[in-house]
Amino acid sequence: MLLTITTTNQPATDLGYLLHKHPDKLHTFELSFGNAHVFYPVANQDKCTAALLLDIDPISLVRKSKGNENFALQQYVNDRPYVASSFMSVALNRVFRSTLAGQCKDKPELVNQSMPLEAKISVIFCGVGEQILKNLFEPLGYTITIQQHILDEHFPEWGISNYFTLILKNNCTLRDLLTHLYVLIPVLDNEKHYYIDEAEIDKLMRMGQGWLESHPEKEFIIKRYLKFKDLADEALEQLAINDVNNLTNQYAHETVTEEALEQSTNLNEIRINTILSVLKEYRVKSIMDIGCGEGKLLKALASEKMVENIVGCDASPTALARAQKNLNLEQSDFLKQRISLIQTALTYRDKRLLGFDAATIIEVIEHLDQSRLDTFKRIIFEFYRPKLIIITTPNHEYNILFEKLVHGAFRHPDHRFEWTRQQFEQWSNLVADEFGYKVHFQGIGSQSEKFGSPTQMGVFIRNE
Amino acid sequence: MNNQVINLPQLSLVLLVGVSGSGKSTFARKHFKATEVISSDYCRALVADDENDQTATRDAFEVLNFIAGKRLAAGKLTVIDATNVQAESRKSLIELAKRNHVLAVAIVFNIDPTICSERNVLREDRDFEDRVIHAQYHQLQRSLNKLRKSEGFTRTYILNSVDEINSVIIERHRLYNDKLFDHGPFDIIGDIHGCFDELIDLLQKLNYQITINEQGYQIIHPENRKIVFVGDLVDRGPKSPDVLKLVMSVVTSGVGYCVNGNHDNKLKRKLMGNDVQITHGLKETLAQLENESHDFKLKVKDFLDGLISHYVFDDGKLAVAHAGLREKYIGRGSARIRDFCMYGDTTGETDEFGLPIRYEWAKDYRGNTIIVYGHTPILEPEWLNNTINIDTGCVFGGKLTALRYPEKEIISVSAAQMYYKPIKPIGHNVVDKNDIILDIEDIAGKRIINTQLLNNITIREENSIAAIETMTRFAIDPRWLIYLPPTMSPSETSHEANYLEHPREAINYFHKRSIYQLICQEKHMGSRAIVIICKNNQVAKNRFKVTHDAIGICYTRTGRNFFSDNEHEQQFLEKVQNAVSKINLWEQLNTDWLCLDCEIMPWSAKAQSLIEKQYAAVGCAAEATLHEISELLLKTKNRAINQVGEIEEKFNKRLTMINAYRDAYRRYCWNINSIEDYKLAPFHILAFENQVNLDKNHLWHLNIINQLCDTDANFFKKTNYKILDTNNAENCDEVIAWWHELTSSGGEGMVVKPLDFTIKTARELIQPGIKCRGQEYLRIIYGPEYLEPANLEKLRSRHLGLKRSLALREFALGHEALNRFINFAPLYKVHEAVFGILALESEPVDPRL
């Protein structure tokens, strides 16, 4: 990985004093993950360029982090040796420590002198689009030139990569430039090679002094720099930002997530409230939430006293572990008596699910291959056969109103299908007929005259 | 004094009843195994450390009940050593016996309480007051009458003196249904309903010799086969008395057995003088019996009265009942079981003809005992979960069917006419056997799977947990999923300079194990796929039981549909089907379906997102930065800073390696615009009807596959191979040279296999294949710079143990799954093995191996 810093401030070779590295020599430092070299491809009166080159050995990288499972299972083929990342920040801190500390023994007057500077990050990863590059650097006074690389020139149809070459120009002190790079490189890369703990907050506060608190993207910077939500919250508090919960994290994912799409309408909350009111209307005492995920509906049900027995099921053990945590089940014997979580699957019968009053199957069926729906419907309607079954699924027609969604696309990459209102109602009516249920439908979320609501719900009542 | 003989059914719950000190424990020690006896004193000690702690009584009895319940469920005779003098305490134990469908027997110790008091005084650990003994004695006296009559014991034995107690001899007898010792072979015959002529036809077809004399019929089989009738001998048909005569002679002469059908039972009740409705064909039987003697009718009554609900034969491998049997009922007796065996189960609802809707108990059946039954007329007998209904509605104009056991052959004769019009068409509302739903219990939790190739393969619970998610969210319908390919181990790490893998180690693996005849096959670099192809869509429905319209399927090594595009899938399968038809493999192999092990190219067809996100991405980032680094280093060097020379050389080399790496993955990518862009390389003909081919020489496989490939050279890709004799050094060198040639021109490498496919020596199961990957190919596995000497040294320590063990276990499971499928095992059995493979694949193992 490579970073170059160029100045045209005359005499340009003063850069050597500022960096404490003689322009006519090669300077090599041993770091835990490889070597850092500093050398000067150009060094004359008018222009001087210092290059910081990190020579990272990817194989020892993987070997070293043995025991850390995620890392160990990662293939040896990775971009870490090539793209600017937290390794670069560590190297900056080691190699240019005095510069960052504002020391310059030979020419102290240079420390606080603004000068024309140019930093070039040879390759950086940025998964959230090039706009964020501008949003991060422009408020700090940089003029920015961006080159985005194509994935493979032999296969132009594969399109463009998430790798950028970044040139930043500014008239500022070298110390500020390095400080900004120190913080913002790992923010962009979003993958830290070391464990992040509370000491990182102090480091961020120190490095961010004087610019971070007024940066328009400070929330984004803090969250990405610290990665762990708890730490980020703490840091934001230190910066006296109270409204932590209202953070909009518009760059969080490469593709817009289903939740983000639907967030503006706060659809999830409306959906849960609608389901709760149906469950109350039919006075159900026991409920199975099939495909409970992380337990959003379970959490809402937990505070409904009328429900005596709740079981959340999901095929995913990770989702269940998260639900367990979200519900604080370990902390409450009372809740534990009423709520249980089990791993099961929609296409296998499970005797543990017999005898419930109601089943809720919320935003689940679209994650099943359509060919498996026949099995699914028999398991729910024939074997479990509760009095009340609530099924919700996206209304595909409504997608057109989501600006961020490509036309015709599904809301989530794992959706195997999305149904129009007519398709859902047709399927539901057939199922209701076949198994002796009556069904009625309701839209959930804001209503568009032409396209209906974002979510559609079928409420199935067993014929007695 | 004569000995008092106590007769105990082999499986029963025995209650010893008597006051403290009446000698129950001594008696129990004398007559039963220590583990058969559960004493309340012992249970008290278990929970309270004190046999006499009366405050622990409640807990102690809970423990006692629990242990007794577990024993009875497991089919073990159990003796309860407690006073049991109160009706209340006996009641819960009688219920326990009922719940487990076992008989309860009481043995009452009714002796002079003063003897008991004296004994208690002598015992140091007892300080009972006489008051307690006397209270117990009075409770016992009050119980005696009830014990004799109405409490629900099958037998009650009352022992009235110490002498009598001492004289007891206990005999254990088999239950009536226990014919475990009879190994047949059997011919099991479905519902006859008075169709005598068809019965004779069928027996003759089965090669029975039938003679008639004044004693009645005499029936023998030259091979001493035996007949088992599933009941419903009478009603509706024309000759019920003749059928009775024949069956009675068969049963009394010991040539066969007959279980009780609901019609037989109703006739018996009528003959006994009970008031029964003369419906469902009973009228016809009664009219036919008018012509028979009173004596005969009496004999019939006794015969029918002696029929029992079901029989268990052949060490428990086979059971026969009229309407069916649950696993937990097998070999037991109770009123509920009798009812179930006669009528089966119903949902409690009735259909549009007013008949009860039958609950298909067989769908839930998971036992290893084969259950043969009748009762519900169907068009064709069909296996479901180890059960088979052989009532093919002869009296309704269908067929009379026999199942030959152990051959599992079906023999039928057609009815001469429709003797009775069915209320509803035969087969109506009968469960659709295709509509099989699996139970989570079929896969969840820790499992131990026994396979032909390896005993007791353990699937750990955490692996099942991981696989449940993959299986349910991504895999295809389990009915198609009859196999998953095992993982394959690479060769031992080579020590040759510049090589991590080299053919020599792969060859050595086999040579060391005295396996000399090998085949080395070119390894295609695409995506593994299993292709099932049927002669037509009807075969898919009949053989694979799928409900949708399809001629086959193509799925990945994790059981996902290979194609996300239905149209492509259809075109692809048609191409395979056409090729198979063209060389007429259907006839050549005598099958109408095939399961093929294949590789589908290009790699990019399935791995596009992996390539874009990882391989191409790394290449792109590396190339961009390495170019710039080289340029800057050159500039610096030109400034006469010579120290950078070494670094420059290193980074220039890196650039070269990155280019080689990019070339390596690019070779396996091309764009898919239509079905014509795919290439299919089949390399094993895994299975077809009645045959799994994992025991066949690889040349047999490749010979057929080459015929297939010749039909369409654009679509199919042949697998090049070399035969190798490991004892021939020249031959080995030749193969190694061939491997160099393959891999230097971009090939992934080769797989070295024993020519005979599956080999199990006395010591071990042999790996069915060892892969040996090429030098350039490995760049995309171990990183662009893996060949740097320093890197290569670090990489040489690889641990193959787990990978190899997984490869064998998965191979054994795949072999097992196919064998279960071709032997028509229940779906859950096939699925269990396939699921096991997927579960093992969640074992964390170095992904680069």
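The values are calculated or read from the model by the stated rules, or taken from the named source; none is laboratory data. All values derive from a computational prediction rather than experimental measurement. Positions of Cβ are backbone-derived with ideal geometry, glycine not excepted, and every protein chain shown enters the neighbour counts.
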For this session: Scan segment B:745-784 for residues that are of a type outside the set (A, V, I, L, M, F, W, C) and farther than 19 Å from B:A807 by Cβ and report the count.
Result: 11
Seminar exercise, completed: If we ask which residues in segment B:78-112 are at pLDDT below 90, more than 17 Å from B:E62 (Cα to Cα) and not hydrophobic (A, V, I, L, M, F, W, C), their number turns out to be 1
Problem set entry | Identity of the residue in segment A:151-166, surrounded by 15 or more Cβ atoms within 10 Å (Cβ to Cβ) and in a strand (DSSP E or B), that ends up farthest from the other protein chains (Cβ to nearest Cβ) | A:L166
Exercise. Looking at segment B:36-125, what helices (runs of 4 or more DSSP H) fall wholly within it and have at least 2 residues that are among the β-branched types (V, I, T) and closer than 30 Å to B:E327 by Cβ?
Worked result: B:57-73
For this session: Would you be able to say whether some residue in segment B:648-667 is aliphatic (A, V, I, L, M), touching a helix residue (DSSP H, G or I) at 6+ places or on another chain (Cβ under 7 Å), surrounded by fewer than 20 Cβ atoms within 10 Å (Cβ to Cβ) and more than 20 Å from B:G746 (Cα to Cα)?
Result: no
Exercise. Is it the case that segment A:293-301 has a residue that's on the phi > 0 side of the Ramachandran plot, within 14 Å of another protein chain (Cβ to nearest Cβ) and either within 31 Å of the chain's Cα centre (by Cα) or surrounded by 23 or more Cβ atoms within 10 Å (Cβ to Cβ) (or both)?
Worked result: yes
For this session: Please give the helices (runs of 4 or more DSSP H) falling wholly within segment A:278-345 in which 2 or more residues are at pLDDT 90 or above.
Result: A:296-302, A:317-326
Exercise. So which residues in segment A:74-88 are in a helix (DSSP H, G or I), modelled with pLDDT under 90 and closer than 14 Å to A:H180 by Cα, if there are any at all?
Worked result: A:S86
Exercise. B:G814: part of a loop (DSSP other than H, G, I, E, B), away from chain A (no Cβ under 14 Å) and closer than 28 Å to B:L610 by Cα, yes or no?
Worked result: no
Exercise. Does B:T719 qualify as being more than 19 Å from B:I583 (Cβ to Cβ), buried (at least 17 other Cβ atoms within 10 Å of the Cβ) and hydroxyl-bearing (S, T, Y)?
Worked result: no
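A quick yes/no check of all residues on (1) touching a Pro at 6+ places or on another chain (Cβ under 8 Å); (2) touching a residue at least 60 places away in the same chain (Cβ under 8 Å):
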| site | (1), (2) |
| --- | --- |
| A:F381 | no, yes |
| A:T393 | no, yes |
| A:I400 | no, no |
| A:G408 | no, no |
| A:R411 | yes, yes |
| A:D414 | no, no |
| A:T420 | no, no |
| A:F424 | no, no |
| A:L430 | no, no |
Problem set entry | Long-range neighbours under 6 Å by Cβ, at least six apart or interchain, first residue in contact (Cβ under 8 Å) with a residue 24 or more places away in the chain within segment A:98-126, second basic (K, R) and outside any helix (DSSP H, G or I) | A:E118/A:K169
Problem set entry | Cβ pairs under 8 Å, 6+ apart, first in segment B:726-740 and over 11 Å from B:M750 (Cβ atoms), second outside any helix (DSSP H, G or I) and of a type in the set (A, V, I, L, M) | B:T726/B:I515; B:T726/B:L518; B:N731/B:L724; B:C732/B:L724
Problem set entry | Output for segment B:466-513, where each listed residue is part of a loop (DSSP other than H, G, I, E, B) and within 14 Å of chain A (Cβ to nearest Cβ) | B:I476, B:D477, B:P478, B:R479, B:W480, B:L481, B:L500
For this session: Being among the polar types (S, T, N, Q) and out of contact with any Asp or Glu (no Cβ under 7 Å at 6 or more places or on another chain) is the filter; apply it to segment B:670-683 and report the residue that is nearest to the other protein chains (Cβ to nearest Cβ).
Result: B:N673
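A quick yes/no check of all residues on (1) surrounded by fewer than 22 Cβ atoms within 10 Å (Cβ to Cβ); (2) within 9 Å of chain B (Cβ to nearest Cβ); (3) touching a Gly at 6+ places or on another chain (Cβ under 8 Å):
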{"site": "A:P317", "(1), (2), (3)": "yes, yes, no"}
{"site": "A:R322", "(1), (2), (3)": "yes, no, yes"}
{"site": "A:L329", "(1), (2), (3)": "yes, no, no"}
{"site": "A:I339", "(1), (2), (3)": "no, no, yes"}
{"site": "A:A345", "(1), (2), (3)": "no, yes, no"}
{"site": "A:D357", "(1), (2), (3)": "yes, no, no"}
For this session: Of the conditions (1) over 27 Å from A:F376 (Cα atoms); (2) touching a residue at least 60 places away in the same chain (Cβ under 8 Å), A:F356 clears all except one; give me its number.
Result: (1)
Problem set entry | Every residue from segment B:533-543 that is in contact with an Asp or Glu (Cβ under 9 Å, 6 or more places away or on another chain) and either of a type in the set (D, E, K, R) or crowded, with 18+ Cβ neighbours inside 10 Å (or both) | B:C534, B:K535, B:V539, B:A540, B:K541, B:R543
Exercise. Going through segment B:705-759 one residue at a time, which ones are small (G, A, S), outside any strand (DSSP E or B) and under 44 Å from the mean Cα position of the chain (by Cα)?
Worked result: B:A713, B:G747
